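Trainee: Take a look at this one; I'll ask things after.
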Amino acid sequence: MDRGASSHWLSWMIWPVSAVLAFAALTLPQQPYTGLMLRGDWVARVETGSPGEAAGIHPGDRLLRDPALSAGPENPLAGAQPGTPLPLLREHGGNIDDVSIVPAQLPVEERRVMAMLLAVASGFLVLGGWLWSERRDRMTRAFFLMCLSFACLIAPFPRFRSSGMTLLYETLYSGITLFLPALMIHFFALFPDSTRVRGLPMRITRIAYGVSAGLFSIEVLLAAAPLLARHALDPLQELLQSMAALWFGLGTLVAIALFVHSYVKARSEDTRRRLRVALAGTLLGFLPLSALVLLRNLFPGVSLPAERGVVMLTLMVPASFAWAAGVHRVFEVRMALRAAVVLGFLLVMSAVVFALGEWLAGAWRPDLGHGIAGGALAFVVFISAMAGPAARALRDLGERMVPDARERSPFAILESRAGVRQASVDAIYAAACETVAEWLRLDGCAALDLAGGPPRLAARAGRTRAPGLDTASATQLRALPGRALPLDGGALESDTVSALEAAGVSWLAPLGTKPVRAVLLLGHRVGGPWVSIPEIQELERFTAHLEVLIENATLRQAASAHGAIHRELSRAHAIQRHLLPRRAPAYATLDCAAAALSSELVGGDYYDFVKAPGRVLTLAVGDAAGKGVPGALMGVWAQACFRGEARRGSGPGQVLTALNRELVSMDQPEAFVALACMRIEVRPAQLIYANAGLTPPLLRRANGSVEILSESGVLLGVTPEARYTDTRVDLEVGDIVVLYTDGLTEARHGEEMFGPDRLAEVLKWNTELKAAEIAKVLLGAVQSFSDQPLDDLTVVVLKQIGVPARAPESAPEDPLKYAREAADASR
């Protein structure tokens, strides 16, 4: 759809043409009658009993303007006025003498014929303006210009008082005559698909415009030649007139041949059936006209029967094409009835006024009656010119005069589909495709989702297929302007256009604006892609409404998916909590407790206790790489492997070595686990621990000293050669051991971390509490300290509350390795 600057200035061209026709209508009573038919300045025919015959002029004479009396247009009869003698020079038999013609008023029959010609020219304005107001593309541009050209060609010459205006109009008239065949060829090369002209039709169109431009250039050069030199150029002028006539006839035949070619190549029999009206109108309108032009140039002095009727028949061409264009959709009688009622009403009014003027001219005052008749014709021209700009008002008037309750908008069609407002996104796309195909009567419609990645065919209806588009094509589609446009509108590259054409697409209706979220691909209408301007505006309102429906459906879907994920994660959280020990082991001499916080419903931190006979306890605290579900799965895996190894009686170093081999064999480069394993022999109050990259446990002695159990190895899953050694520590009454993940010490307040020092400070003031209370106080302290979201956090607290049953000679197998801290002076 052409909405650029060219469409605006082209729309205004109807006004100067209508002004010329209106001026011709108003000056119709001043049209002179000489009874002479000229070919250039040669007399081709003289009517019997005419003023020309009375002046003694014969066929074959040459009439010239006296340069001493006047200068201006080449046409010697240009300055004729009824009742005013017109002095001329006549060349007869090689002699030049003076003649004087006294033109008369137009005979009644001649004036009525000219009035009919003006009505036919006005019909061209009506049809061209109406079609251009409904549909602005390449095809209707050529059609509109062709209608304006025919209107100027058929209408009688207006009577300008200025010789300069007369010369200018004669030059324009010659240009219109020469360029009209090229316009016809151009139009028929486009009809009915209105795409770019390609292949042989494109070459023929270019040649046609080249021929017209060449002939017109020669015409201008000859007109600009000095008066004395024109006589020497008479043979060239005769040749130019013959070539112009031959060009008109040949161009008409080429245009008809192009139309027959389009008719034969029509997609379906239904299409050809609807184009037969246009084909018949073309043959009836153009063939007789072409024959008349050729015969007039070959035999200018011969009177041809019904030649004025041939001119009238030319109106069949635009009328049939306007009909065919309007009927490309499934034809509905109410459309034709509305147009007929409105135009018929206007034309009847004009005919009544014209008949009144004719009656006054014959019965009372000829001057007043002829003026009223001319004014009526001018009114017809004005109404014709208003057919384009006032098309919407006329259409509304027709709808009020011929209402139809069955006509439905796309909104009503869409809303009539049950549950569309609560449907899913793809279901809404499907309903939209069916709605647009039904409303515009397309052979198909598809919805292309551009939400991300390559285009996705969300829904389709009818014959429109899924186009083979890539990511580059999706980028082009996302950059479309937020309005409906034809496929050949120049917004897409040729590869994308070819792919869409192969899928049966003729129009695009984007949803949203840069980036476009989806595109409705509109298929062909019956007989060719027609989408009028009012339908385009309605379609754009419909796509805006559809975008809101899609947005709401997307939000509902996202909320539903979020709720489903939340429910699934809640179940996973419950399962993960169920897998953790429900309560810590209870011993008379050892108090145990554990606590955990997750940044999400499920996390990668975990802890576990495995009891063995002989009051032996093995525990583990782990932190799997990642958060959420991946971390939780790694935690479940580590827990399962840990329990298996611990129940076999393996020591902490052996447990970690076995888990490391298992994790490495899984061949998951990003799967790492930090794990501290500790075996506690409760009776002698001895613990053996090994660490695989977890934050070092903290040991606070009863005397206030703090020890960091720093012996550690690499993370599980890094290398298969990793080995983890055991370290033995003896506990005394009042000693507290804290195992924790890095979420505790790395909690932040601004740029400051909680750290081991604050952990020791919390223990310092809470040594009298039970293990569970200490764990709770630690979590509370971290939460109070941090001003940022916490990471996964796990704490296990061991507090020795009884005297160890340890043999005096018992000694640790390995020296204790730890980093000493200053003793607590307050204890």
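The values are calculated or read from the model by the stated rules, or taken from the named source; none is laboratory data. What you see is a predicted model; the values in this text were computed from it and never measured. Here Cβ is always computed from backbone atoms with ideal geometry, including for glycine, and neighbour counts include all displayed protein chains. Ligands, DNA and RNA are stripped out before the accessible areas are found, and what is left, the full protein with its side chains, is counted by its heavy atoms. Shrake-Rupley method; radii C 1.70, N 1.55, O 1.52, S 1.80 Å.
Trainee: Any residue in the range 45-58 that's surrounded by 14 or more Cβ atoms within 10 Å (Cβ to Cβ): show its pairings with residues that are polar (S, T, N, Q) at Cβ separation under 6 Å, as long as the two are six or more apart or on different chains.
Mentor: 51/34; 52/34
Residue-wise test of (1) within 25 Å of residue 424 (Cβ to Cβ); (2) in contact with a Ser or Thr (Cβ under 8 Å, 6 or more places away or on another chain).
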site	(1), (2)
461	yes, no
470	no, no
475	no, no
482	yes, yes
487	no, yes
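Trainee: If you don't mind, another one. State whether one or more residues within the range 757-771 are touching an Asp or Glu at 6+ places or on another chain (Cβ under 8 Å), small (Gly, Ala, Ser) and at pLDDT 90 or above.
Mentor: The answer is yes; a qualifying residue exists.
Trainee: Mind counting the residues in the range 654-713 that are of a type in the set (S, T, N, Q) and within 17 Å of residue 618 (Cα to Cα)? Working first, answer last.
Mentor: Looking only at the range 654-713, we keep the residues that are of a type in the set (S, T, N, Q), and these are 654, 657, 660, 665, 668, 686, 691, 695, 703, 705, 710, 712.
Filter once more, so that each one left must be within 17 Å of residue 618 (Cα to Cα): 654, 657, 686, 691.
Number satisfying all stated conditions: 4.
Trainee: I would also like to ask the following. Suppose we filter the range 4-40 for residues that are of a type in the set (Lys, Arg) and either at pLDDT 75 or above or at positive phi (or both); how many remain? Walk me through it before giving the result.
Mentor: So the first thing to find is which residues in the range 4-40 are of a type in the set (Lys, Arg), and the list is 39.
This time we only want the ones that are either at pLDDT 75 or above or at positive phi (or both), so: none.
Total meeting the criteria: 0.
Trainee: Please go through the range 709-728 and give me each residue that is open to solvent by 30 Å² or more (accessible area, probe 1.4 Å), within 25 Å of residue 802 (Cβ to Cβ) and either free of Cβ contacts under 8 Å to residues at least 40 places away in the same chain or part of a strand (DSSP E or B) (or both), ordered by number.
Mentor: Hit for the range 709-728 is 728, nothing else.
Trainee: Quick check on the range 69-88: of everything there that is at pLDDT below 60 and open to solvent by less than 60 Å² (accessible area, probe 1.4 Å), which residue is nearest to the chain's Cα centre (by Cα)?
Mentor: 73
Trainee: Quick check on residue 512: is it open to solvent by less than 20 Å² (accessible area, probe 1.4 Å), under 26 Å from residue 424 (Cβ atoms) and at pLDDT below 80? I'd like the intermediate steps shown before the answer.
Mentor: Details: open to solvent by less than 20 Å² (accessible area, probe 1.4 Å): yes; under 26 Å from residue 424 (Cβ atoms): yes; at pLDDT below 80: yes.
Considered against the rule, which asks whether it is open to solvent by less than 20 Å² (accessible area, probe 1.4 Å), under 26 Å from residue 424 (Cβ atoms) and at pLDDT below 80, residue 512 comes out as yes.
Trainee: Mind listing whichever residues of the range 642-680 are buried (at least 19 other Cβ atoms within 10 Å of the Cβ) and acidic (Asp, Glu)?
Mentor: Residue satisfying the conditions is 645 alone.
Trainee: Does residue 698 satisfy being within 21 Å of residue 794 (Cβ to Cβ) and open to solvent by less than 20 Å² (accessible area, probe 1.4 Å)?
Mentor: Details: within 21 Å of residue 794 (Cβ to Cβ): yes; open to solvent by less than 20 Å² (accessible area, probe 1.4 Å): yes.
Taking the combined requirement at face value, the residue satisfies it.
Trainee: Restricting attention to the range 602-620, and to residues there that are over 20 Å from residue 691 (Cβ atoms) and crowded, with 19+ Cβ neighbours inside 10 Å, which single residue is modelled with the lowest pLDDT?
Mentor: 602
Trainee: Report every pair of residues separated by at least 6 positions or lying on different chains whose Cβ atoms are under 6 Å apart, first residue within the range 463-486 and of a type in the set (S, T, N, Q), second open to solvent by 10 Å² or more (accessible area, probe 1.4 Å).
Mentor: 464/504; 471/454; 476/492
Trainee: Can you name the residue in the range 89-109 that is open to solvent by 70 Å² or more (accessible area, probe 1.4 Å) and part of a loop (DSSP other than H, G, I, E, B) and is also nearest to residue 21 (Cα to Cα) among such residues?
Mentor: 102
Trainee: Quick one: would you say residue 112 is open to solvent by 10 Å² or more (accessible area, probe 1.4 Å), modelled with pLDDT under 75 and not aliphatic (A, V, I, L, M)?
Mentor: Taking the combined requirement at face value, the residue satisfies it.
Trainee: Let me ask you something else. Looking at the range 115-137, which of its residues are open to solvent by 30 Å² or more (accessible area, probe 1.4 Å) and in contact with a Pro (Cβ under 9 Å, 6 or more places away or on another chain)?
Mentor: Once the filter is applied, which keeps residues that are open to solvent by 30 Å² or more (accessible area, probe 1.4 Å) and in contact with a Pro (Cβ under 9 Å, 6 or more places away or on another chain), the range 115-137 yields only 127.
Trainee: Would you point out the residue of the range 246-279, among those that are within 20 Å of residue 501 (Cα to Cα) and at pLDDT below 70, that is surrounded by the fewest Cβ atoms within 10 Å (Cβ to Cβ)?
Mentor: In this case the residue turns out to be 268.
Trainee: A further question follows. So which residues in the range 468-486 are touching a helix residue (DSSP H, G or I) at 6+ places or on another chain (Cβ under 6 Å), open to solvent by less than 20 Å² (accessible area, probe 1.4 Å) and either closer than 22 Å to residue 440 by Cα or of a type in the set (Asp, Glu) (or both)?
Mentor: Pass one, the range 468-486, residues touching a helix residue (DSSP H, G or I) at 6+ places or on another chain (Cβ under 6 Å): 468-469, 473, 476, 483-484.
Next, only the ones that are open to solvent by less than 20 Å² (accessible area, probe 1.4 Å) stay: 473, 484.
Within the range 468-486, just 484 meets the criteria.
Trainee: For residue 151, work out the one condition from (1) within 28 Å of residue 214 (Cβ to Cβ); (2) assigned to a helix (DSSP H, G or I); (3) open to solvent by 20 Å² or more (accessible area, probe 1.4 Å) it doesn't fulfil.
Mentor: Residue 151 satisfies every listed condition except (3).
Trainee: Which residues, counting only those in the range 660-678, are more than 15 Å from residue 607 (Cβ to Cβ), outside any loop (DSSP other than H, G, I, E, B) and touching a strand residue (DSSP E or B) at 6+ places or on another chain (Cβ under 7 Å)?
Mentor: Once the filter is applied, which keeps residues that are more than 15 Å from residue 607 (Cβ to Cβ), outside any loop (DSSP other than H, G, I, E, B) and touching a strand residue (DSSP E or B) at 6+ places or on another chain (Cβ under 7 Å), the range 660-678 yields 660, 663.
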